[in-house]
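As structure tokens, the structure follows; a few thoughts come after it.
The values are calculated or read from the model by the stated rules, or taken from the named source; none is laboratory data. Just so it is clear, the structure is predicted and the values come from calculations on it, not from any experiment. So basically every Cβ, Gly included, is an ideal-geometry build from the backbone, and we count neighbours across all protein chains shown.
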Amino acid sequence: MNRFLAGILFSLLLISACSTSRYDHELETILRLADRRMPVDSLRAFLQHPAKAVRKQAIVSLGQMLDTAAVPLILPFVQNPDAALRVEAVFALGQLGTSAAIRALHERWPMEKDAEVRQTLIQALGKIGSTESLDLLHDALRDPLPIIRGEAAVALGIMGYRKVPLPSQAAVLALLLEETLPEVRWRAMFALMRLADTSAAALMIKGLEDVDARVRMNAARGLGNIRATLAVEPLTRVAQNDPDWRVRVNATRTLGAIAPADVAGRLPFDDGNEHVRLSTLLALETAISQRGEALLDRERINALLSARLARADSSWREAAAAANAYAVLNGASAFERLAALSGHPNPYFRAQLAEALSKTKHPGTLSALHSMYEAGPGVVKVHVLYALARLPFKQRLPLFRTALAENDAVLTAIVAGQMAEAPKAARPLAGDLLAAFQKLPAPVDVEAAAMIFDAFAKLQLRQAVPVLEQQLTVQDRPYARAAARALQALTGRSYADRLPRETRPHLEFSYDDIKALRGKVAVLQTEKGAIEIELFPQDAPLTTLNFVRLAQKGFFNGLNFHRVVPNFVIQGGDPRGDSWGSPGYSIRSEFNRHRYFRGMVGMASAGPDTEGCQFFITHSEQPHLDGRYTVFGRVKSGRDVLDAIQVGDRILSVEIR
């Protein structure tokens, strides 16, 4: 490169850097306002800023705040000449979902030329559109661009996921299944799977033979959604022989859902992949619960499950899954054998064993659960309480009182949830619940608090009104909104005018902190190997900063992956290990345009603005998660490790490089 050209490039880079730094204050201010969830009007001035980067961040933040009052502020940008601003405006409207937003998207479609904006517009209609959007989506299914055709198919599938009433789409989607591009075909099969159209059974059966694993896995799942009994033979072949473990998992689950009488001879019990073996045992439990005495080969099934129970020390995960199937198959006669395993050293095994014991319906179940609760760590106590839900309510009361006295918000919330489902029977415990809540140390996690407040409302506990009114002063809008909902149910009055104006932020930061994260990766060292994650501070700045700071403090070191759903996600980062843990605070959602493809890293939550420390990584494409959970990274290397992780595997360390 000659010196003259090099000098020009250096000057352009320098100008670009100075330009970005020039607006750091404005970008930081927008992030702070969004983090505090200030009224949307606080961002109005930034929408008129001369710098496109500032206007763009303001639009993004308005969409992330999920306040429909932002729609009038965003609407003008749908017509903006700059495609980079239009695409963010269209995405934001898809997050907010008012009738004005839908109308604006419909009106924009005929004139929109930019492919990225058009793709995002179709995605938005999948999230918020109605039957009135069908003509537009059918137009998109015939678009010259394959990615638009595929996006329209996904949109139809998401509408099915949302239970939007639609006429059969099998005919229009069948055309996409004939295309050569797998990126179109798998999206079309995803749509058929989500729409659960029985007339599409033949298309799904044919999809089991597609060369693309994503088509096959969606076809297998779709056949389960429609209980396609005519697909038993091809599903058996796929469950036993498909080269992709994720496809075998889906086919196995579907065989359990269809539950042919000879299901035991069709399931891949000895598959080389642990995910498949675990899915097989769960599928068998499903089939047993549906078929009961009509299931063939019961003796063989009993022997198979007994063999796995005997290996509880070496293969505890499979033994735990077998215990639940064994309990459903044998009922009360399974109790003694299962109860003998209650001293197993692994808490995750004991947690699942508690559920199995409750399925036996044996008279000794209550006593066994009491013993397991008293001896167990948190994850066992949580699952014992879940298991109690299968017992008559009056039998649960003594252990409920024990749990309410623990001074633990999670245990209190689980009890509250069951009380809310049986308010008449739970009345004797209402005072205990109120007293337990008042003794809980602050801050109470918003998910737990919402369940407790809902129970107050369902129990019509008027004594809780002054306590709930105090909660309106907590500077966390999701928390205060939960209290306001309960108050309205108890008093018949709206408390909207008493909600806090903003949410108290928990992250101290400057924009330099955000910029310092660019190009960073997180390396998760696990018992199974390393997973390297590319971080997305440009799209989820405060989520990424929170994750990095927790990692740098060693927060994740030694924690388990507490949740694994084969061909869906692995989930970790919970200090309690029972899916309820948090760092003691919540951060705001930063929904963005990243899609949940294989290996994407997202934040677990109990609803918008309730994230903290738990994260998940996807095994495969999950379009129904798009725009609903914050994406803050993707796996760069270590997918083999991702596929190997199981419940109980430990995170040894998380290093930021």
Residues that are more than 27 Å from L507 (Cα to Cα), at pLDDT below 95 and of a type in the set (D, E, K, R): does segment 1-24 have at least one? yes
When the residues of segment 435-470 are narrowed to those that are more than 27 Å from the chain's Cα centre (by Cα) and outside any helix (DSSP H, G or I), which ends up nearest to G612 (Cα to Cα)? P441
Can you name every one of the helices (runs of 4 or more DSSP H) wholly within segment 263-360 that holds 3 or more residues which are in contact with a Gly (Cβ under 7 Å, 6 or more places away or on another chain) and over 30 Å from L559 (Cα atoms)? 274-291
Among the candidates L296, L235, residue that is farther than 24 Å from Q646 by Cα and either buried (at least 24 other Cβ atoms within 10 Å of the Cβ) or not assigned by TED's automatic domain parsing to the domain that holds L353 (or both): L235
Which fully enclosed strands (runs of 3 or more DSSP E) of segment 595-646 have 3 or more residues being over 11 Å from the mean Cα position of the chain (by Cα)? 631-637
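For segment 518-526, indicate whether the set of residues that are in the same structural domain as R576 (by TED's automatic domain parsing) and under 20 Å from the mean Cα position of the chain (by Cα) is non-empty.
Taking segment 518-526 as the starting set, the residues that turn out to be in the same structural domain as R576 (by TED's automatic domain parsing) are 518-526.
This time we only want the ones that are under 20 Å from the mean Cα position of the chain (by Cα), so: none.
There is no residue in segment 518-526 that is in the same structural domain as R576 (by TED's automatic domain parsing) and under 20 Å from the mean Cα position of the chain (by Cα).
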Taking the criterion of being over 20 Å from A644 (Cα atoms), in contact with a helix residue (DSSP H, G or I) (Cβ under 6 Å, 6 or more places away or on another chain) and of a type in the set (S, T, N, Q), would at least one residue in segment 566-576 satisfy it? no
Could we say that A152 is assigned by TED's automatic domain parsing to the domain that holds R246, within 17 Å of N250 (Cα to Cα), at pLDDT 95 or above and not aromatic (F, W, Y) here? no
Criterion (among the aliphatic types (A, V, I, L, M), farther than 19 Å from V154 by Cβ and not in a loop (DSSP other than H, G, I, E, B)) met by exactly one of L230, L203, L192: L230
Between a residue in segment 165-191 that is assigned by TED's automatic domain parsing to the domain that holds A201 and any residue that is among the hydroxyl-bearing types (S, T, Y) and at pLDDT 95 or above, which pairs come within a Cβ distance under 7 Å, given they are 6 or more apart or on different chains? P165/T131; L166/T131; S168/S199; A170/S199
Would you confirm whether any residue within segment 368-378 is at pLDDT below 95, surrounded by 16 or more Cβ atoms within 10 Å (Cβ to Cβ) and of a type in the set (G, A, S)? yes
Which condition number in (1) surrounded by fewer than 23 Cβ atoms within 10 Å (Cβ to Cβ); (2) hydrophobic (A, V, I, L, M, F, W, C); (3) closer than 25 Å to I258 by Cβ is the one that A200 fails? (1)
If I ask for residues that are under 20 Å from V564 (Cβ atoms) and assigned to a helix (DSSP H, G or I), which ones from segment 361-386 would you list? G378, V379, V380, V382, H383, Y386
Being free of Cβ contacts under 8 Å to residues at least 40 places away in the same chain, more than 28 Å from P243 (Cα to Cα) and more than 22 Å from the chain's Cα centre (by Cα) narrows it down to one of L203, L134, so name that one. L134
Taking the options R237, R248, R227, name whichever one is free of Cβ contacts under 8 Å to residues at least 60 places away in the same chain and in contact with a Pro (Cβ under 7 Å, 6 or more places away or on another chain). R248
Within the group A100, A153, which residue is assigned to a helix (DSSP H, G or I) and surrounded by 16 or more Cβ atoms within 10 Å (Cβ to Cβ)? A153
Of the residues A516, A496, A530, only one is surrounded by fewer than 22 Cβ atoms within 10 Å (Cβ to Cβ) and in contact with a Gly (Cβ under 7 Å, 6 or more places away or on another chain); which? A530
Among the residues listed as A310, A264, the single one being among the hydrophobic types (A, V, I, L, M, F, W, C) and in contact (Cβ under 8 Å) with a residue 24 or more places away in the chain: A264
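Conditions (1) among the hydroxyl-bearing types (S, T, Y); (2) touching a Phe, Trp or Tyr at 6+ places or on another chain (Cβ under 6 Å); (3) closer than 29 Å to P345 by Cβ, marked per residue:
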| position | (1), (2), (3) |
| --- | --- |
| Y585 | yes, no, no |
| N592 | no, no, no |
| A604 | no, yes, yes |
| V635 | no, no, no |
| R639 | no, no, no |
| V647 | no, yes, yes |
| R650 | no, no, yes |
With respect to Q614, determine if the residue is out of contact with any Pro (no Cβ under 7 Å at 6 or more places or on another chain), crowded, with 18+ Cβ neighbours inside 10 Å, within 24 Å of Q475 (Cβ to Cβ) and free of Cβ contacts under 8 Å to residues at least 60 places away in the same chain. yes
Write out, first by first residue and then by second, each pair whose Cβ atoms fall under 6 Å of each other, whose residues are 6+ apart or on separate chains, and whose first residue, in segment 398-413, is closer than 18 Å to F453 by Cβ while the second is among the acidic types (D, E). L404/D432; A409/D445
Can you tell me which residues in segment 206-224 are touching a residue at least 40 places away in the same chain (Cβ under 8 Å) and farther than 20 Å from E151 by Cβ? L208
